[in-house]
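Encoded as structure tokens, the structure appears first; notes follow it.
Derivation of every value follows stated rules applied to the coordinates shown; laboratory data play no part. Note that this is a predicted model, so its numbers are computed, not measured. Don't worry about glycine lacking a Cβ; one is built from the backbone with ideal geometry, like all the others, and counts go over all protein chains shown.
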Amino acid sequence: MSTATASFQPKPSLPPPAATVGVVGWLRANLFSSWANAALTLLALYVLWKVIPPAIDWLITNAIWTGESTSDCKNPDETRKGGACWIYVQAWIPGYIYGLYPYDLRWRIDLAGVLSVLIMAPLFFKKMPYRATYGMIAIILVPIVAALLFNGWYDFAPSDPRASSHPWRTVETSKWGGMSLTLLIAWVGIGASLPIGIVLALGRRSKMPIVSALCVGFIELWRGVPLITVLFMSSVMLPLFLPEGVNFDKLMRALIGVTLFSAAYLAEVVRGGLQAIPRGQFEAASALGLNYPKSMALIVLPQALKIVIPGIVNSFIGLFKDTTLVAVIGMFDFLGAIQLGNADPKWLGYAVEGYVFAAILYFICCFSMSRYSLALERKLQTGHKR
Amino acid sequence: MKKLTVLAAGAALAIFASGTAMAQQTLAQVKQRGQVICGVSQSLPGFANPDAQGNWAGFDVDMCKSVAAAIFGDTKRVKYVPTTARERFTALQSGEVDFLARNTTWTMSRDTQLGFDFVGINFYDGQGFMVRKDLNVKNAKQLAGAAVCTQTGTTTELNVADFFRSNKMDYKVVAFEKNDEVLAAYDSGRCDVFTTDRSGLAADRTKLKDPNAHIILPDVISKEPLGPLVRHGDNNWGDIIRWAFFAMVNAEELGITAANVDQMLNSPNPEIKRLLGKEGDFGKMLGLENNWAYNVIKMVGNYAESYERNVGTKTPIGLERGVNALWTAGGLQYAPPVR
């Protein structure tokens with residue numbers, strides 16, 4: 001009975017040709033799909049082979065990691081010839097972080113760092129009440145707290161013995177430096193330039209002719225000159241215009257220059273976002289009876305800023321790297337501190353190690369900023385992709 | 001609200017902006033302020049460079065310290081203002097610094113047109129040559145036909161051209177933007193001769209792969225007299241810097257060192273007595289205490305001590321005294337007497 005209903009049994013299908021699956025298949029499809037591609041792949045492999053092993057040898061395998069002075073780097077045992085001298089970087093790490101800050105007061109910078117982290121920490125709890133308001137206050141609070149700690153508050157006359165011993169004596173800004181200065185400038189620049197940039201962007205789109213003309217003038221003026229010129233003017237030309245003897249703190253000049261410069265760029269980025277918001281959104285806001293500030297703050301800007309996150313972060317990364325230009329006005333930011341180390345007679349001849357270290361650290365900072373912006377974009381993704 | 005960010009951050013920092021009033025009497029201001037503001041190089045090995053702890057040291061820095069010692073009897077009462085090569089003159093003109101001790105060559109235009117007074121020459125520098133030992137070259141006249149590594153757009157390049165042309169020798173220039181690039185090119189054998197100021201040559205030699213395979217030729221082909229400088233208009237202030245420096249040179253000549261200066265106070269030698277303030281009122285003539293020079297020598301040392309500590313043969317910079325030896329030892333350092 002059962003045999004009568006035998007049905008058609010297809011043979012099991014053959015496996016795909018061995019050359020199209022697995023590692024081989026992937027290699028064929030992606031690296032060796034044609035003669036030209038195969039040649040390029042081989043060339044790339046050859047270049048990597050020539051570059052990466054020596055780089056690793058220099059950076060890690062042959063590098064000198066422990067020791068006291070240059071003599072440990074100059075006469076290593078035979079197997080480690082020609083490696084990097086990381087002892088120099090280790091010895092100078094305090095210099096890289098604190099610059100010329102007085103040695104006995106460096107705990108104040110550490111304290112500023114710890115406090116900044118503590119102030120920012122609540123923002124990582126997503127359910128915190130008033131999170132946005134707190135965030136805005138925190139962004140303002142951090143540089144103020146840091147600047148107060150950096151500066152100290154008892155301004156003794158230099159003749160007073162406490163001027164060189166008191167734990168809370170003031171430290172003039174010319175002694176601030178290193179990574180701590182870079183972070184401070186970047187923070188103030190980023191925190192201050194975004195609001196100014198938004199105001200400028202709104203101003204530029206304003207229907208009031210004077211407001212819009214002023215904003216356009218400001219943006220075009222600051223965008224039209226290189227930052228190095230701005231800093232140079234502020235440090236070399238400004239003192240000549242001021243009455244003799246009147247001195248305007250150099251760091252302040254640099255901060256104002258960096259902030260206004262970056263604000264002009266951000267204004268254009270934000271304006272791009274505003275233009276992408278359809279007219280209907282503005283009209284809908286008016287139809288709801290919202291006045292101009294409310295319609296901007298509640299309807300337009302949240303959407304516009306979300307669109308331009310990549311552009312904003314791009315500007316911030318640029319600003320972070322541009323802080324190195326304060327070197328031209330005689331301030332020692334992180335890169336400046338590296339250069340100070342390179343000129344230390346005790347460690348002459350290891351400039352490459354210093355610069356490589358700087359490159360690694362700048363990369364870490366900028367890469368984390370860009371990752372954060374991607375995460376932010378994903379979080380704010382509300383689904384209506386254009 | 002957000003606008004306040006700027007204002008608040010600004011206000012916090014504006015507190016630190018120091019206002020210094022400037023008048024004719026720099027000394028009175030310096031005394032009132034309680035510290036000397038000294039313009040130095042951003043970092044130049046052996047001349048002005050901070051260590052990882054943030055303490056300034058160097059030959060030029062000692063100049064700043066000696067002025068502070070002469071005025072206050074305290075070498076800590078100096079504010080160092082690191083200046084770039086471009087900034088330095090504005091800083092001095094605008095009164096941001098009281099004087100510059102910053103490897104500045106004394107030239108006629110700077111002394112006249114820019115409105116500065118050079119108060120002395122604390123280091124006689126000049127351009128020199130470095131070659132590989134195996135070339136068997138003993139002096140610069142044997143360098144005909146050589147390829148010379150130099151920095152573009154500097155006086156170094158012009159001096160080389162002058163030197164070779166005036167000696168009717170052929171040469172080839174291999175020029176780079178940065179000193180480190182020039183040195184790397186020399187080290188890799190792209191040229192036979194490396195040239196820069198002699199104060200830099202010895203330090204640069206230590207950066208080479210095998211420093212012992214290179215020699216610095218004895219020839220000096222340009223004059224680079226380096227010294228501290230002040231603004232026109234306050235001669236008394238210039239005198240103080242000048243004599244703080246001369247005190248160090250005189251101390252070397254009279255054999256006074258930081259270690260033996262206390263015993264020297266009892267010396268019967270009238271020159272020593274006058275210098276250390278035991279006789280006469282030489283400090284008062286400068287508007288200072290009579291032990292001004294004692295403080296300089298006690299706290300900074302004499303010229304030789306400062307030289308050997310910062311740039312001498314025992315340091316990585318490794319400079320011989322050469323023309324910077326005392327006149328009594330065949331050099332050019334000569335200080336007028338305290339009388």
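Within the same chain, aspartates and glutamates fewer than 8 places from A:K250 are excluded, and of the rest, those with a Cα less than 19 Å from its Cα are A:D155, A:E172, A:D322, A:D333, B:E87, B:E96, B:D98. When B:S306, A:S212 are sorted by how many other C-beta atoms sit within 10 angstrom of their C-beta, beginning with the fewest, the order is A:S212, B:S306. Students often get this wrong, so check it: of A:K175/B:K298; A:K74/B:K207; A:K74/B:K178; A:K74/B:K138, which have C-alpha atoms separated by over 21 Å? Distance filter (> 21 Å) returns A:K175/B:K298; A:K74/B:K178; A:K74/B:K138. If r is the Cβ-Cβ distance from B:Q113 to B:N179 and R0 is 30 Å, what FRET efficiency results, to the nearest 0.05? After rounding to 0.05, the efficiency reads 0.60.
Think of it this way: in chain A, A:C215, A:C365, A:C366 stand alone, with no other Cys Cβ under 4.7 Å. Among B:R309, A:R279, B:R190, sorting on how many other beta-carbon atoms sit within 10 Å of each Cβ, with the fewest leading, yields A:R279, B:R190, B:R309. Of all lysines in the structure, the ones whose alpha carbon falls short of 23 Å from that of A:K126, not counting any fewer than 8 places away in one chain, are A:K306, A:K379, B:K2.
In chain B, the longest principal axis of the Cα atoms and the axis of helix B:2-14 are about 80 degrees apart. Check the straight Cα-Cα distances from B:K141 and name the aspartates and glutamates below 19 Å, setting aside those fewer than 8 residues away within the same chain. Qualifying aspartates and glutamates at Cα under 19 Å: B:E157, B:D162, B:D170, B:D192, B:D197, B:D219.
Full extension of the segment from A:C366 to A:R162, taken as 0.36 nm per residue of separation minus the current Cα-Cα distance, would add 69.4 nm.
Think of the range B:127-222 as a dipole: +1 on every Lys or Arg Cβ, -1 on every Asp or Glu Cβ, centred on the Cα centre; then among B:S222, B:N179, B:T150, B:S222 lies furthest on the positive end. A simple spin-label model places the labels of A:Q9 and B:N55 9.3 nm from each other, with each point 7 Å out along Cα-to-Cβ. Applying 1/(1 + (r/R0)^6) with R0 = 35 Å to the Cβ-Cβ distance of A:L118 and A:L298 gives a FRET efficiency near 0.65.
If R0 is 35 Å, the Cβ-Cβ spacing of B:K138 and B:K76 corresponds to a FRET efficiency of close to 0.15.
Annotation: extensible slack from A:T61 through A:L111 equals 14.4 nm (criterion: 0.36 nm per residue apart, minus Cα-Cα distance).
Filter the cross-link list A:K321/B:K76; B:K65/B:K284; A:K50/B:K209 down to pairs whose alpha-carbon distance in this structure exceeds 25 Å. Check vs 25 Å cut-off fails for A:K321/B:K76. When a/c is below 1.5 the answer is rounded, else prolate if a/b is larger than b/c, else oblate, so apply that to the protein assembly as shown with a ≥ b ≥ c taken from the square roots of the Cα gyration tensor eigenvalues. Taking the square roots of the gyration eigenvalues as a ≥ b ≥ c, the protein assembly as shown is oblate. Between A:S69 and A:V21, residue separation times 0.36 nm minus the direct Cα-Cα distance comes to 11.7 nm.
Taking 4.7 Å between beta carbons as the limit, chain B has no unpaired Cys residues.
A helix-only calculation puts chain A at -19500 deg cm²/dmol for mean residue ellipticity at 222 nm, using -39500 (n - 2.57) for each DSSP H run of at least four residues, averaged over all residues. Here the range A:300-316 is scanned for amide nitrogen atoms under 18 Å from the site 7 Å beyond the Cα of A:R205 along Cα-to-Cβ, giving A:300-313.
Of A:C365, A:C85, the sequence from fewest to most neighbouring Cβ atoms within 10 angstrom is A:C365, A:C85.
Considering only B:I221, B:I37, B:I297, the mean-square fluctuation computed in a Gaussian network model of chain B, springs between alpha carbons under 10 angstrom, is largest for B:I221.
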